[in-house]
Amino acid sequence: MCADTLSSPVPVITIDGPSGSGKGTVSQRLAAELGWHFLDSGALYRLLACAARRDGVDLDDASALADLAGRIDADFGFSENGEERVLLDGVEITRTLRCEDTGNAASRIAALPAVRTALLAWQRRYRRPPGLIADGRDMGTVVFPDATLKIFLDARPEERALRRFNQLNEKGNNATLDEILAEVRARDERDRTRATAPLVPAEDALVIDSSDLDIDTTVALILGQIHLKS
Ligand code: DC
């Protein structure tokens, strides 16, 4: 192994942005394309929210939540038909993990500094060779400030609500578009204005508005940036 390899950190590309910006799908596509690891940091906040509900821990009790974060066992994987399968302490919770209620609970606990600190080391452990695509809100600003490339993927709230609406409809949920738009705006407000690690682009992030871009175009755009850096 050459000295350069020994001294250079494992490369990370951060994809931050609000929910519905397409960052989840784009990040997974990039990870598959490059053969890199993938961190869905929102899933860790969601998982902790689920564990808190299960154990009757108050969503405002920062120290109990931080303590719980150190005890839970998560298993992120895929079922035989390729669908996401998440286990919390050995029990499957995939549907609950992805529902709107859990997203809102995750957003609430994510505003607590002690919770963010408790999840920091866990997130950084995903940084393994040959590289990591990290999807979240503060990947480029807090968790991986030395990332090779930082992307902030945004889109108009109306467009993000519509994407979420279509996604939920496919899964058989029946919330109205207006309800989802209201939730998108409320979650944005909380994520963008919280005191600790708010949802803002890192100073050195490339901001991409995906409102009028499809997934293929967005992925191609980011791959182009990666090749420029290498
Ligand atoms: O990406 P998501 O919808 O699964 O995230 C759920 C919530 O978790 C989101 O509203 C805010 C919070 N979150 C965060 O604060 N920081 C992250 N890096 C990821 C998610």
Tell me, please, whether a residue that is part of a helix (DSSP H, G or I), away from the ligand (no atom under 13 Å from the Cβ) and in contact (Cβ under 8 Å) with a residue 12 or more places away in the chain can be found in the range 34-51. yes
Can you confirm whether Asp101 is farther than 24 Å from Gly17 by Cα and either modelled with pLDDT under 95 or in contact with a helix residue (DSSP H, G or I) (Cβ under 6 Å, 6 or more places away or on another chain) (or both)? no
For the list (1) part of a helix (DSSP H, G or I); (2) within 13 Å of the ligand (Cβ to nearest atom); (3) at pLDDT 95 or above, I need the number of the one condition that Tyr126 fails. (1)
For the range 11-29, does any single residue satisfy the condition of being surrounded by fewer than 19 Cβ atoms within 10 Å (Cβ to Cβ) and either in a loop (DSSP other than H, G, I, E, B) or aliphatic (A, V, I, L, M) (or both)? no
Any chance the range 213-220 includes a residue that's crowded, with 17+ Cβ neighbours inside 10 Å and among the acidic types (Asp, Glu)? no
Within the range 61-80, count every residue that is loosely packed, with under 10 Cβ neighbours inside 10 Å and more than 20 Å from Tyr126 (Cα to Cα). 1
Just a yes or no: is a residue in the range 64-87 part of a helix (DSSP H, G or I) and within 14 Å of the ligand (Cβ to nearest atom)? yes
So, in the range 129-160, of the ones that are more than 10 Å from the ligand (Cβ to nearest atom) and among the basic types (Lys, Arg), which residue ends up surrounded by the fewest Cβ atoms within 10 Å (Cβ to Cβ)? Arg156
Some residue of the range 142-157 being among the aliphatic types (A, V, I, L, M), in a helix (DSSP H, G or I) and touching an Asp or Glu at 6+ places or on another chain (Cβ under 9 Å): no
From (1) assigned to a helix (DSSP H, G or I); (2) farther than 18 Å from Ala134 by Cβ, pick out the condition that doesn't hold for Asp191. (2)
Need pairs with beta-carbon distance below 8 Å; first residue of a type in the set (Phe, Trp, Tyr) and within the range 115-142, second part of a helix (DSSP H, G or I); sequence gap 6+ or separate chains. Trp122/Leu44; Trp122/Ala69
Can you name the condition, by its number, that Asp58 falls short on among (1) surrounded by 19 or more Cβ atoms within 10 Å (Cβ to Cβ); (2) charged (D, E, K, R); (3) not in a helix (DSSP H, G or I)? (1)
I'd like the full set of residues that are within 14 Å of Ile72 (Cα to Cα), among the small types (Gly, Ala, Ser) and either within 12 Å of the ligand (Cβ to nearest atom) or loosely packed, with under 15 Cβ neighbours inside 10 Å (or both), limited to the range 88-120. Gly90
Some residue of the range 172-192 being within 11 Å of the ligand (Cβ to nearest atom), in contact with a Gly (Cβ under 7 Å, 6 or more places away or on another chain) and among the acidic types (Asp, Glu): no
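The values are calculated or read from the model by the stated rules, or taken from the named source; none is laboratory data. What you see is a predicted model; the values in this text were computed from it and never measured. FYI the Cβ positions are ideal-geometry reconstructions off the backbone, even for glycines, and counts take in every protein chain you see.
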